[in-house]
Amino acid sequence: MRETDFFNGVQVPVIGQGTWHLGEDAAKRKTEVSALCAGIDAGLTVIDTAEMYGDGASEELVGEAIRGRRDDVVLVSKVYPHNASRSGVVAACERSLRRLGTDRLDVYLLHWSGSFPLSETVDGFEHLRAAGKIRSWGLSNFDRDDLKQAPDGCATNQVLYNLGSRGIEFDLLPWQQRAGMPLMAYSPLGQGPALLEHPLLAEIGERHGVTGAQIALAWVIRQPGVIAIPKASSLEHVQQNVGAGAVVLDAADCLSLDSAFPVPHSKQPLDIL
């Protein structure tokens, strides 16, 4: 699978694993842990979670999946804005580390902008980095103008990006590409079935011998500097996500998709889930 630079020159696969809503149903725990483990085995080594997800349940699930193989993954978690004071960031990170069963995060993100000054949050991040608790820090759900004001050292910005949500292509994505700042695309397959039920995806998928979902995911990672983090709650989803990494869309495919899902020609409000 193709790789891209992530933080501090680390090369990672362009498809990782998201965990939003994982860990919330005890009856699904074994299946979800198995899916995460299978994803790691298949090379989907970036795992994204957050203290918000299931009030820590997702982090606990991830901790179970990576037990004994922490060095095999690039671990990303996120802090609530209301915990993003200098001291609050440090305390929240310690709680996340306990739930994850590890002594460090590879990247720690501010989940979205809140009431604390960003400089105060970054002071907390830098304290954690100096202590070896995190290797790098970044942001989530930040638009271009806000991102441009961020202090030096921001490793990534994580935002909503899929065929049905293309607003970032007008300004945010090009800016991050020029700055050499990787973009993490959450919900790359959309929310709910609406996007994936579009007949054009099935039509293009049939030509490539893959599913419509794999076409949608391949479309997201066609952009340089983009890391997609689709949720994979089952082995079937993991296998489909891995297969999407081998799909190469041609010019005709992209033109058809642009017709069905128009390219933005003006500034759009940042989509947030």
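The values are calculated or read from the model by the stated rules, or taken from the named source; none is laboratory data. Note that the coordinates shown come from a computational prediction; the quantities given were computed from them, not determined experimentally. Virtual Cβ from ideal backbone geometry, glycine too; neighbours counted across all protein chains shown. The area values use the complete protein model at the heavy-atom level, side chains included, leaving out ligands, DNA and RNA. Shrake-Rupley method; radii C 1.70, N 1.55, O 1.52, S 1.80 Å.
For the range 9-64, a tally of residues being surrounded by fewer than 19 Cβ atoms within 10 Å (Cβ to Cβ), farther than 13 Å from residue 232 by Cβ and in contact (Cβ under 8 Å) with a residue 60 or more places away in the chain returns 1. Is it fair to say residue 177 is open to solvent by 10 Å² or more (accessible area, probe 1.4 Å), closer than 21 Å to residue 8 by Cα and either of a type in the set (Ser, Thr, Tyr) or under 19 Å from the mean Cα position of the chain (by Cα) (or both)? Spelling it out, residue 177 is indeed open to solvent by 10 Å² or more (accessible area, probe 1.4 Å), closer than 21 Å to residue 8 by Cα and either of a type in the set (Ser, Thr, Tyr) or under 19 Å from the mean Cα position of the chain (by Cα) (or both).
Of all residues in the range 75-96, those being surrounded by fewer than 21 Cβ atoms within 10 Å (Cβ to Cβ) and not acidic (Asp, Glu) number 10. I need a count of the residues in the range 97-120 that are touching a Ser or Thr at 6+ places or on another chain (Cβ under 6 Å), crowded, with 19+ Cβ neighbours inside 10 Å and among the hydrophobic types (A, V, I, L, M, F, W, C). So the answer is 4. Residue 135 fulfils the conditions (1) assigned to a loop (DSSP other than H, G, I, E, B); (2) buried (at least 17 other Cβ atoms within 10 Å of the Cβ); (3) charged (D, E, K, R) except for a single criterion, (1). When 188, 151, 182 are checked against the criterion of being at pLDDT below 95 and under 28 Å from residue 10 (Cβ atoms), 151 stands alone in meeting it. A search for C-beta distances below 6 Å between a residue of the range 96-116 that is charged (D, E, K, R) and any residue that is surrounded by 24 or more Cβ atoms within 10 Å (Cβ to Cβ), counting only pairs 6+ apart in sequence or on different chains, returns 99/59; 106/75.
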